[in-house]
1. Rule-of-thumb check for the stretch 224-357: C-alpha Rg over 2.2 N^0.38 Å?
2. Can you give the convex hull volume of the alpha carbon atoms of the stretch 34-170 per residue, in Å³?
3. Roughly to the nearest percent, how much of the accessible area of the stretch 262-338 is carbon and sulfur, given a 1.4 Å probe?
4. Packing-wise, with mean Cβ within 10 Å as the measure, how do 96-106, 400-410 rank, highest first?
5. Tell me the net charge near Ala342. Cut-off is 14 Å between Cβ atoms, Ala342 excluded, with +1 for each Lys or Arg and -1 for each Asp or Glu.
6. Taking every eigenvalue of the Cα gyration tensor of the chain, multiplying by 5 and rooting it, what semi-axes result, largest first, whole Å?
7. If you place +1 on the Cβ of every Lys and Arg and -1 on the Cβ of every Asp and Glu, how big does the dipole about the Cα centre of the chain come out, in debye to the nearest 20?
8. List the lysines whose alpha-carbon lies under 19 Å from that of Lys22, not counting same-chain residues fewer than 8 positions away?
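The values are calculated or read from the model by the stated rules, or taken from the named source; none is laboratory data. A quick note: this is a predicted structure, and the numbers were derived from the prediction, not measured. In this analysis, Cβ positions are derived from the backbone assuming ideal geometry, glycine residues included, and neighbour counts consider all displayed protein chains. Ligands, DNA and RNA are excluded from the accessible area calculation, which covers all protein heavy atoms including side chains. Shrake-Rupley method; radii C 1.70, N 1.55, O 1.52, S 1.80 Å.
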Amino acid sequence: MKTSSRSISLAESLAIQRRTCKLHFEASPLKIVRASRQYMYDDSGAEYLDCISIVSHVGHCHPHVVHAGQEQMARMTTSAGFLNDTMVDYAKRIVETLPDKLCVCFFVNSGSEANDLALRLARSYTKHDDVMVVEKSYHGNIASLLEISPKRWKQMGIEQKEWVHVVPCPDTYRGIYKEDSDNPGLLYANEVKKMIRKCKDKKRTISAFICEPLMTVCGVVVPPQNYLKYVYRYIREAGGVCIADEVQVALGRIGERFWSFQAHDVVPDIVTVGKPLGNGHPMAMLVTTKEIADTLREFSSTFGGNPVACAVGMAVLDVIRNEKLQASAKSVGKCLLDGFRAIQPKHPMMGDIRGMGMIIGVEIVVDKESRKPAKQAAEILSYKLKEGKILIANEGPDKNVMIISPPMCFTCDNAKQVVQAFDLALAAIEQGALEAGLASLPHEQRILNIPLDILSSNLDKGLDSDSDSESSSAKKARYEEMD
């Protein structure tokens with residue numbers, strides 16, 4: 001077979017990867033070739049502090065996790081259709097962390113698969129089809145989930161189905177009920193109650209309510225006190241089940257609790273989890289009650305719960321316990337929140353600061369009075385931080401929320417470094433806006449554009465450069481210095 005040695009151009013590389021995932025820093029993308037703990041290394045050997053990779057839950061290439069995967073892969077990679085002690089042992093360890101009624105595990109390969117299965121289970125148990133979701137939410141990239149993901153509807157030309165019912169996001173900074181409202185948790189929950197009444201008027205019945213207990217996709221929105229308590233009660237009274245989408249924020253990331261739903265003092269009927277389980281290895285699962293599980297007549301997954309995935313999953317749990325990462329998430333998260341709140345008063349473009357543990361969101365706004373999202377400023381800020389070798393993404397519905405979601409081995413020293421760099425970079429942006437006269441313009445005329453001089457490279461420069469990498473190749477990964 002003839003093979004080609006032709007190198008791939010930047011344009012071709014971008015085209016291939018854009019079909020698979022969204023690129024960070026698309027104007028000047030990084031080619032990451034190696035990672036260790038909370039650090040990533042590009043093809044020139046430059047080291048970056050990673051505040052983005054929520055998937056690498058316990059740290060990139062953690063030696064205990066890597067060893068567990070390698071050892072199991074050398075022994076057996078698949079056991080579909082046969083008894084598998086590794087799967088049983090892993091299921092027991094997960095169930096031990098959950099309330100008693102959540103005791104049946106289904107193993108799959110991605111958060112999308114887990115959420116799709118959650119819908120199947122809800123419908124088989126309730127005998128109804130309708131689903132209630134939160135506005136601006138996203139639950140997966142397969143057809144059944146895109147239909148319940150309002151965030152993707154406009155972008156993908158999807159029309160809202162009659163069986164999908166959307167309620168307001170319980171955002172007390174930007175939503176219909178602000179932080180100074182009397183009992184915002186109840187007010188937002190009553191919007192769910194109103195929607196249930198509308199459904200009944202149309203002779204429709206809710207099968208499930210699904211939301212993230214900490215709403216990362218909505219811009220790291222922490223639901224107000226008692227919101228989920230009221231909502232879960234209303235949904236169950238209407239005959240539906242409650243699904244906690246923990247695909248991003250489970251396994252101790254919020255610091256206070258192992259599961260984010262536990263911070264709201266509720267127990268869902270179905271829990272889905274994905275990203276943190278495998279530390280980068282593709283695995284996900286759903287946990288539910290025996291009563292709900294028994295209604296599903298048939299389920300199988302060729303790769304779900306395979307021996308390698310379960311070995312990796314158990315190693316991740318080992319690291320969380322042995323390195324006390326849940327407690328670390330709480331203390332380091334406090335360092336981040338305290339640091340950002342300390343610099344907030346001197347930054348007119350620094351809006352709301354929110355989050356729990358190792359998942360923090362900082363809103364960048366045109367000004368604090370209008371709270372108008374400053375997407376361009378947030379994008380400039382992400383590039384300026386990248387110039388300083390810190391990787392932070394601007395996300396959220398308006399792309400103006402700087403989201404810090406690093407591997408959980410992130411330290412307080414790392415947090416201080418991030419806050420200091422953030423402070424300097426945002427001050428430069430604000431000064432630039434002031435000098436350009438934007439501060440004196442009406443809100444709707446305050447538009448920022450990304451200056452070319454902050455981009456680390458131009459699009460016409462190829463990713464495969466011939467720059468000298470002798471010194472960088474000799475650089476050791478952080479884990480190579482450990483036993």
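1. 1.29
2. 204
3. Of all accessible area on the stretch 262-338, carbon and sulfur atoms account for 51 percent.
4. 400-410, 96-106
5. Local net charge: +2.
6. 35, 31, 21
7. Taking the Cα centre of the chain as origin, the dipole is about 1180 debye.
8. List returned: Lys31, Lys136, Lys151, Lys154, Lys275, Lys375, Lys386, Lys399.
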